[in-house]
Amino acid sequence: MFRNFKGIFFVVVLVILGLFTLLIPQINIGSFERGEEDSLLGLKLGLDLQGGTHLVYKFISEDDQPITPEDIEGVKKIVEKRVNEFGVSEPNVQLLGNNPPDRILVQLPGQKGISLTISFNGGVVSKDSLNRFFSNVIGINNFIISENEDGSFVIQLEKIEGNFYEDTINDEIIQGWKQQLSEEFPVNLSFGYSSLEEESVEKITDIFNSLENITYGNLNQMNDFENGFSIDIYNLNYDQETVGVQTNSQLKEIQSELKNLGELQFLFIEGNITQWTLSGGIQEAKRLIGSTAMLEFLYRECGDSLPEELNDIISADEWEFERCTNPKYYVENATEINASDLVDAYPDISQDLNRPIVQIVFNDEGADAFYDVTDRISREDDRLVVYLDGEELIAPYAKTGIAGGRAFIEGPGFTSDLTRTIAIQLRSGALPLELELIQERNVDSVLGQDSLRRSLIAAGIGLLLLVVFMISYYKMPGIIAILSLITYGIILLAVFKILPVVLTLSGAAAIILSLGFAVDANILIAERTKEEISSGRGLLAAINSGFDRAWPSIRDGNLSTIIVAVVLFWFGDRFGTSIMQGFALTLAIGVALSMFTAFFASRLFLRLISSTIIGKKIGLFVPVFEKTDTEGKK
């Protein structure tokens, strides 16, 4: 009896721990993190239940060279590494086509929603005005706008409803948003001269008249400054790929023309878009998978002395800026720092600037080269320029040579998502083949929720019918079987959450199949127990003997199923079929746990019941339509 209570106590503890695991959506214990905030019981859901991103790429060879199996396998491994490090649950990376494959499928569950980060200089745009812009002008509903400490705004478009859907948003639409934003929030130029001739006022108007594709407001005289003016500019053409520039090409042209009219005493620009970064969802997935982050370090030899033609135009301070930023006055050369010298890269937050950065670590050769270059620029007052995919990120100077082989890169458009993506791309290296995106779509979470709802309804109906049958036919053993199944279900889902196992539609089918095995085991136990009772044994002896007789059949049937699941998992791994792998893994875990609950939990429950007053009523342990001559025996 004491052993029974010890076993029952163990099962109860497992059930309580399982319930505790399932009822807390997200478990965080130190570095151990499990669970999803917005999913059913915190379980990880697959693409077909949760929604996400579906991408198909075509292999493109360089210089018409034949594509080798090694190239294809290299692409698959790198893409898998990238999406795994990206933190995607059960990504599906699968080769498509035969002899050899010519495409690669990438499915990323949960990667939906767009995050747009926007910054304006001057602080003239408020959160409320942006809210009105996206809801009234763009026509998007269900979005969230938050304001960062640096004054930038993050627009979360996780559930786009209105005139747009995420899988239809492309670069042209995004560029249109930027243009509409420029029309809604004009850029204000305030400028003043120390002295200005009367005809120069007309020339100022001529400058704005000469610009194409933009409109401007009235040129207003500033009351508190004799030669000061202000003007609003609309419809600025922001470059589609420009991120983090303080002024675009049109504003630079205006500034240059205004400087030619006289000595500018001040020039302020307010309301200009200084950051426009799109991340998350399909856009982030495409940036992560299809491109290779190539890091390049160049030595920038800045201009020496102020050219004679600039003596009367710019000051010494302005020349210090121009000599290292204007391509007319600097020369760039290669350095000994190679991208292959990079051994690690990871996203971080700058302690000084409180902004996202990418920390990089060099090997010994790269560390030596990095020290030599930084030592040289510190002595020559030059710059070390960091390019990412041909785009200049930063051109810092150094006060002294930097040893240790550690540095960081930053960019004006860097966000937490972007730095994570860049770090993954830098670590994974170059793709051996170019990838051309030929299909992209977003699996709507609404479809996933509908699939999940239908699955739960089907499971509920099946369980209800099972409960009615087991109790009405097998009576007390049927009640014990249902109690055992409830225990099995709680422990199984808790194991799925802790491992974690991603639940898909195929996985749900495997769970229902494993439930069938658990029911089958309890039926075998009930039948064998009934036979022992019919042969004249007492209830406790019949239960023990019935379990001993049923166990070989339960064991052999379940082990053969587990072997089949292992074979399915192996074939799924060989042929890149993650659906088959998910089904096999879920089935194997479910069948293994069903063996535990059938032989351990059910046995304990029946033994415990047999020692109570219910155990004296043998008829409760014999199925209906069955008769026994041992009524009243124990």
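The values are calculated or read from the model by the stated rules, or taken from the named source; none is laboratory data. If you're wondering where the values come from, they're calculated on a predicted model, not measured in any experiment. No Cβ is skipped: glycine too gets one built from the backbone with ideal geometry, and neighbour counts run over all protein chains shown.
Has the range 558-576 got at least one residue that is of a type in the set (Lys, Arg) and modelled with pLDDT of 85 or more?
So in the range 558-576, the residues of a type in the set (Lys, Arg) come out as 574.
So of that shortlist, the ones also modelled with pLDDT of 85 or more come out as none.
No, every residue in the range 558-576 fails to be of a type in the set (Lys, Arg) and modelled with pLDDT of 85 or more.
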Checking residue 202 against (1) in contact with a strand residue (DSSP E or B) (Cβ under 8 Å, 6 or more places away or on another chain); (2) surrounded by fewer than 16 Cβ atoms within 10 Å (Cβ to Cβ), the condition it does not meet: (1)
Failed item in (1) modelled with pLDDT of 80 or more; (2) assigned to a strand (DSSP E or B), with residue 255 passing the rest: (2)
Residue 438 surrounded by fewer than 15 Cβ atoms within 10 Å (Cβ to Cβ), outside the structural domain of residue 533 (by TED's automatic domain parsing) and at pLDDT 75 or above: yes
Output for the range 113-134, where each listed residue is touching a residue at least 24 places away in the same chain (Cβ under 8 Å), assigned to a helix (DSSP H, G or I) and surrounded by fewer than 19 Cβ atoms within 10 Å (Cβ to Cβ): 121, 122, 123, 127, 129
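Give me the residue from the range 83-110 that is out of contact with any Leu (no Cβ under 9 Å at 6 or more places or on another chain) and closer than 23 Å to residue 419 by Cα and, out of that set, modelled with the lowest pLDDT.
Our first condition is that a residue be out of contact with any Leu (no Cβ under 9 Å at 6 or more places or on another chain); within the range 83-110, this holds for 84-85, 87, 97-100.
In the following step, the residues that additionally are closer than 23 Å to residue 419 by Cα were identified as 84-85, 87.
On the way: 84: 70, 85: 62, 87: 56.
Among those residues, the one meeting the criterion is 87.
Quick one: would you say residue 167 is of a type in the set (D, E, K, R), modelled with pLDDT under 80, surrounded by 15 or more Cβ atoms within 10 Å (Cβ to Cβ) and touching a strand residue (DSSP E or B) at 6+ places or on another chain (Cβ under 9 Å)? Lay out the reasoning, then the answer.
Values: of a type in the set (D, E, K, R): yes; modelled with pLDDT under 80: yes; surrounded by 15 or more Cβ atoms within 10 Å (Cβ to Cβ): yes; touching a strand residue (DSSP E or B) at 6+ places or on another chain (Cβ under 9 Å): yes.
Yes; evaluated as a whole, the condition is true for this residue.
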When residues of the range 511-541 are limited to those that are at pLDDT 85 or above and hydroxyl-bearing (Ser, Thr, Tyr), the one nearest to residue 471 (Cα to Cα): 529
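Mind listing just one residue for me: the one in the range 495-510 that is at pLDDT 85 or above and crowded, with 20+ Cβ neighbours inside 10 Å and, of those, nearest to residue 604 (Cα to Cα)?
496
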